[in-house]
1. Solvent-accessible area per residue for chain B at a 1.4 Å probe radius, Å²?
2. Would you please classify the overall shape of segment B:1-136 from the alpha carbon gyration tensor, given that a ≥ b ≥ c denote the square roots of the eigenvalues, rounded means a/c under 1.5, and beyond that prolate means a/b larger than b/c while oblate covers the rest?
3. Given just the C-alpha atoms of segment B:57-105, how large is their convex hull per residue in cubic angstrom?
4. Grab the Cα-Cα distance for residue B:217 and residue B:180, subtract it from 0.36 nm times how many residues apart they are, and report the gain in nm with one decimal.
5. Roll a 1.4 angstrom probe over the protein heavy atoms and tell me the percent of accessible area of the protein assembly as shown that is carbon or sulfur.
6. Using DSSP to call loops (not H, G, I, E or B), can you name the GluC sites (Glu not before Pro) in segment A:27-64 whose Cβ has at most 16 other Cβ atoms within 10 angstrom?
7. Report, as an integer, the average count of C-beta atoms from other chains found within 10 Å of each Cβ along B:84-91.
8. Taking every residue in B:38-49, how many Cβ atoms of other protein chains lie within 10 Å of its Cβ, on average?
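The values are calculated or read from the model by the stated rules, or taken from the named source; none is laboratory data. Here the structure is a predicted model, which is why all the values come from computation and not from measurement. Ideal geometry is used to build each Cβ from the backbone, glycine not excepted, and the neighbour counts take in all protein chains shown. Only protein heavy atoms, including side chains, enter the accessible area calculation; ligands, DNA and RNA are left aside. Shrake-Rupley method; radii C 1.70, N 1.55, O 1.52, S 1.80 Å.
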Amino acid sequence: MTITLNGEKKEVPGDITVIGLLEFLNIQHQRVAVERNEMIVKKDHYGTTALAEGDSLEIVSFMGGGSFVLSSEISVT
Amino acid sequence: MSNDNLVIAGIEFKSRLWVGTGKYKDFAETRKAIEASGADVVTVAVRRVNIIDKSKENLLDYIDPKKYKILPNTAGCFTAKEAIRTAMLAAEAGITKLVKLEVIGDQKTLFPDNEATLEAAKVLVKEGLIVLPYMSDDPIMAKKLVDIGCPAVMPLAAPIGSGLGIRNPYNILIIMETVTVPVVVDAGVGTASDAALAMELGCDAVLLNTAIAGAQHPIAMAEAMKYGVLAGRLAYKAGRIPKKLYATASSPIEGMIGS
């Protein structure tokens with residue numbers, strides 16, 4: 001199925017949970033936070049939150065930055 | 001002096017110099033500069049994980065959250081809504097409840113949008129976050145932020161990245177008289193004497209990034225900042241002499257030859 005992941009369309013296996021998605025993407029889930037359709041998914045719910053076609057997911061982590069960071073500088077990390 | 005540690009919301013901070021992690025050449029340089037600065041508070045941005053290139057290293061592989069206090073920030077947010085969303089995600093990452101709340105009002109000056117900052121702070125305090133707001137050097141704003149539950153305030157010294165130093169020391173002094181919580185000068189510091197001045201005024205800590213990362217020799221500047229903050233703090237606690245217009249002799253007159 002197709003979801004929007006960090007702003008880009010992404011093909012992922014159907015019938016997948018948040019934890020399944022993180023494993024599929026090979027992302028360590030200790031240091032990330034996940035939003036599904038603009039709602040935060042609690043870590044305890046990663047295993048039970050099933051994704052649906054057309055979902056919008058945001059996966060964020062910590063990057064270098066002090067105060068305001070220009071978008072062009074973000075990718076430098 | 002052994003127990004001069006800063007405490008905010010029950011959290012004890014071992015250093016009064018706090019540093020950012022942006023604008024460095026690479027993570028190795030970031031780590032070296034932070035080590036040289038002696039800072040135990042490190043502010044970080046919240047950004048999308050790079051899905052395409054997973055080989056990219058994670059900042060937290062270089063900055064150990066067990067060794068440093070991680071202070072996530074909402075850098076780059078222009079609305080209260082964005083800042084709240086970013087701060088909540090930062091908290092959900094599970095490392096800390098601390099957040100440096102930053103809502104920018106204008107692209108050119110990067111001055112904070114104080115109204116939106118207050119609005120976001122109210123929500124985040126209710127959500128149980130420890131909100132440290134970046135704000136203008138405005139005593140009234142400081143009071144409003146403290147009244148809604150911010151356990152410290154972070155007025156700017158000068159625009160972010162400007163290196164102009166403390167533009168209005170009197171406002172900073174009035175902020176310290178207005179609120180009883182710690183005051184952390186955030187943004188605008190250019191060199192070690194600026195950091196020292198902030199501490200001599202009686203500020204509780206200094207947060208900076210560009211002054212170190214943008215210096216010709218960041219690691220040397222990090223060390224300079226460490227001593228600037230330490231010297232300023234010691235001078236503040238020592239109690240400086242009052243400023244006077246005329247000279248005061250420092251040697252006794254008595255016993256001079258020919259008297």
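1. 48
2. oblate
3. It is 79 Å³ per residue.
4. Here the segment from residue B:217 to residue B:180 would lengthen by 9.6 nm.
5. Carbon with sulfur: 54 percent of the solvent-accessible area.
6. Listed in order of number, the matching sites are A:38, A:53.
7. That average works out to 3.
8. 6
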